[in-house]
Ligand code: SF4
């Protein structure tokens with residue numbers, strides 16, 4: 001896709017979702033890192049219910065690094081997979097203390113070296129808490145970017161690289177936020193193309209609407225599968241549990 005079209009799509013979505021940002025509540029990079037890890041397989045709203053107590057008791061990495069696992073598991077139980085998440089949080093906190101004096105580093109290379117932290121989590125923290133553009137690719141971004149033709153891959157790292165090439169770096173965080181919101185509200189797994197503000201730039205959506213308008217009995221719409229994209233960035237590390 002041409003960068004000019006990609007930017008036009010981003011501008012329309014930014015107008016549609018003014019103030020788009022992560023729905024996780026946090027006051028610093030440490031808190032956002034913890035909240036993002038907890039949000040794996042869990043809604044942001046549920047994470048926001050447990051983090052106030054968690055952050056009050058363990059306000060920084062040094063405190064969290066010394067927590068007793070049963071206590072932490074009890075606090076984060078509502079977020080699901082709480083035993084694995086508790087172990088990950090303690091390991092992350094210990095790594096922050098040992099390698100970064102308890103602070104969250106502001107470089108992708110350092111963040112993805114933390115236990116259980118993948119590019120998505122790193123980009124969320126960079127983009128929202130550390131002032132470094134971050135293009136987090138979650139399942140919504142993956143779906144919407146492919147339907148819009150902004151990318152053509154089911155690999156998050158490849159989609160991140162593709163979007164990064166066609167969008168200005170300064171817009172990466174915003175792009176991720178508006179694509180996530182669009183994926184949650186309109187371009188859902190069953191998309192609402194008839195109410196989509198970027199329909200004029202979406203061939204996939206136009207095909208869906210044409211197919212829906214055909215008389216009964218004609219061939220049903222079949223979404224195109226993403227084409228393989230060559231030259232994209234490859235995953236830097238293999239998946240870990242709760243790597244996001
Ligand atoms: S037109 Fe439909 S498929 Fe395309 S982005 Fe909008 S909702 Fe998604």
query: Hey, which of the helices (runs of 4 or more DSSP H) in the stretch 22-80, taking only ones fully inside, have at least 3 residues that are more than 24 Å from residue 178 (Cα to Cα)?
result: 44-57, 61-65, 69-76
message: Being assigned to a loop (DSSP other than H, G, I, E, B) and either under 13 Å from residue 17 (Cβ atoms) or more than 8 Å from the ligand (Cβ to nearest atom) (or both) is the filter here; which residues of the stretch 189-205 pass it?
response: 189, 190, 196, 197, 198
- prompt: Which residue, of 168, 105, is more than 16 Å from the ligand (Cβ to nearest atom), over 23 Å from residue 43 (Cα atoms) and either in contact with a strand residue (DSSP E or B) (Cβ under 8 Å, 6 or more places away or on another chain) or outside the structural domain of residue 62 (by TED's automatic domain parsing) (or both)?
  reply: 168
Test set (1) surrounded by 23 or more Cβ atoms within 10 Å (Cβ to Cβ); (2) in a helix (DSSP H, G or I); (3) within 16 Å of the ligand (Cβ to nearest atom) - residue 123 fails condition number: (3)
- prompt: Quick one: is residue 133 more than 14 Å from the ligand (Cβ to nearest atom) and either farther than 19 Å from residue 14 by Cβ or buried (at least 17 other Cβ atoms within 10 Å of the Cβ) (or both)?
  reply: yes
task: Identify all residues within the stretch 126-149 that are assigned to a loop (DSSP other than H, G, I, E, B) and within 21 Å of residue 62 (Cβ to Cβ); write none if there are none.
output: 130
statement: Only one of 11, 71 is over 14 Å from residue 92 (Cα atoms) and in the same structural domain as residue 182 (by TED's automatic domain parsing), namely 11
query: So, of the residues in the stretch 38-87 that are in contact (Cβ under 8 Å) with a residue 40 or more places away in the chain and surrounded by 20 or more Cβ atoms within 10 Å (Cβ to Cβ), which turns out to be nearest to residue 102 (Cα to Cα)?
result: 61
task: Could you please let me know if residue 226 is in a loop (DSSP other than H, G, I, E, B), within 16 Å of the ligand (Cβ to nearest atom), touching a helix residue (DSSP H, G or I) at 6+ places or on another chain (Cβ under 8 Å) and modelled with pLDDT of 95 or more?
output: no
- prompt: Which of (1) modelled with pLDDT of 95 or more; (2) within 14 Å of the ligand (Cβ to nearest atom) does residue 174 not meet, given it meets every other one?
  reply: (2)
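The values are calculated or read from the model by the stated rules, or taken from the named source; none is laboratory data. Here the structure is a predicted model, which is why all the values come from computation and not from measurement. Glycine also receives a Cβ, built like all others from the backbone with ideal geometry; neighbour counts cover every protein chain displayed.
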